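Quick notes on the structure that follows.
Bear in mind these aren't lab numbers, they're just calculated from the coordinates by the rules spelled out. Source: prediction; values computed, not measured. Cβ coordinates were reconstructed from backbone atoms using ideal geometry, including for glycine residues, and neighbour counts include every protein chain displayed.
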Amino acid sequence: MAIKLQATFDRASTRKDGCLGLGFSTQELSVADKVTVLEFVDKSGWLLFSENENEVSNVPKERARDGKSQSQRLRAAIFVLWEKKGCKGSFDSYYDRSMDRAIEHVKGQFDD
């Protein structure tokens, strides 16, 4: 399902995880279009915005990722492990050591 709306890009704000929050304002919408827009809340997809020049070739063919990126999922899993182990020291230090071990593991497979 997709919807095409005339909109004004009127807001951008930074988030603590490094992503951006974006805001758009539309013209007055029909009830059906409002319902369609509200069905997209909390869904992942592609946002294509251009000042009056969109082409179908610009629309990505692959599916948008839902939720967290792979790196965000890995960091969260390492955090849970750090908590469960009751490690002393900061999480950032533990995370750095864990990532160094993972990197060395991958690099060790280069010659295989």
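Quick notes
- Check: the chain dipole with +1 on Lys, Arg Cβ and -1 on Asp, Glu Cβ, in debye: 600
- Charge-dipole axis of segment 7-58 as Lys and Arg at +1 and Asp and Glu at -1 on Cβ define it, positive-most pick from 27, 45, 12: 12
- For the chain, a Gaussian network of Cα nodes joined below 10 Å ranks 17, 42, 96 by mean-square fluctuation, and the top entry is 17.
- Cα pair distances of the chain binned at 10 Å [whole percent]: 10, 27, 26, 17, 16, 4, 0
- Among 65, 73, 97: highest mean-square fluctuation, GNM of the chain, C-alpha pairs under 10 Å: 97
- Rounded if a/c under 1.5, otherwise prolate or oblate - segment 7-58, Cα gyration tensor axes: oblate
- From helices alone, the chain scores -12000 deg cm²/dmol at 222 nm; the rule is -39500 (n - 2.57) for each run of n ≥ 4 DSSP H residues, then divide by the residue total.
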